[in-house]
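Q: Once you've had a glance at the structure underneath, I'll fire off some questions.
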Amino acid sequence: MIVMSASLGVRLRRYWVAGILVLAPTALTLWVVWSLFRFFDNILGAQLRARGISVVGLGFVLLNLLLLLLGFIAANFVGKRAFALWDRLMHRVPLINKIYATLRQIGELLLGPARIGSFGRVAIVEFPSPGTWGLGFVTSSEDGEASLRTGKKLCSLFIPSAVNPTTGFLLVVPEEKVTYLDMTPEQAMKMIVSAGALVPPVPPTR
């Protein structure tokens, strides 16, 4: 009787864990998507509700239409000149210019043409000590003052912290010490977030 009870407890615990593995990823994904939707919807939705217009998702739709309109205007000759003038104005306002310039550079890095070269290559480098390797992203290989001072071709690498990739280390190392990998940035990020538990498969030999 005791053996059967123990066996039943093991099965129930196994079923419970299996249920968690099925439900948790789906529930968390839906929660993240819903939270992002509500955040962007409230940007204009809060103003609409203050005026008595309460339609779920209307703020999200109007925000995307506004972005498309701004993008269309910015792509035209007159729009380019207008936004260039606005950009110069924002760069000349004290205090605001520091915030604006930083956010503008981050936006260009993540969404603009520069995104192809930044965070697009995965590499490993000996870090934090010889014989151990850190996994990260090559953010730049442009020559700068560091290259001029050292007389070497240097690379900038961002080594994210495991589990919490929003923090990490910036390394500036000689390019010959960088070993590039064929894994995609998405695969590398999964490996980092999982603390190395999710190791991507080795790609076919080229």
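Q: So which residues in region 185-203 are touching a Leu at 6+ places or on another chain (Cβ under 7 Å) and without any contact (Cβ under 8 Å) to a residue 60 or more places away in the chain?
A: LYS190, MET191, ILE192
Q: A further question on this structure: Go through (1) closer than 29 Å to GLY71 by Cα; (2) modelled with pLDDT under 85; (3) touching a helix residue (DSSP H, G or I) at 6+ places or on another chain (Cβ under 7 Å) for ILE106 and report which single condition fails.
A: (3)
Q: Just wondering, is there one or more residues in region 21-28 that are under 30 Å from ARG104 (Cα atoms) and either at pLDDT below 90 or surrounded by 10 or more Cβ atoms within 10 Å (Cβ to Cβ) (or both)?
A: no
Q: Mind checking which residues of region 129-150 are in a loop (DSSP other than H, G, I, E, B) and open to solvent by less than 70 Å² (accessible area, probe 1.4 Å)?
A: If the condition is that a residue be in a loop (DSSP other than H, G, I, E, B) and open to solvent by less than 70 Å² (accessible area, probe 1.4 Å), then SER129, GLY131, THR132, SER141, GLY144 are the ones that fit.
Q: Taking the stated definitions as given, is LEU65 in a helix (DSSP H, G or I) and in contact with a helix residue (DSSP H, G or I) (Cβ under 8 Å, 6 or more places away or on another chain)?
A: no
The values are calculated or read from the model by the stated rules, or taken from the named source; none is laboratory data. Here the structure is a predicted model, which means the values were calculated and not measured. Positions of Cβ are generated from backbone atoms using ideal geometry, with glycine treated the same way; all protein chains shown enter the neighbour counts. Surface areas here come from the heavy atoms of the whole protein model, side chains and all, with no ligands, DNA or RNA. Shrake-Rupley method; radii C 1.70, N 1.55, O 1.52, S 1.80 Å.
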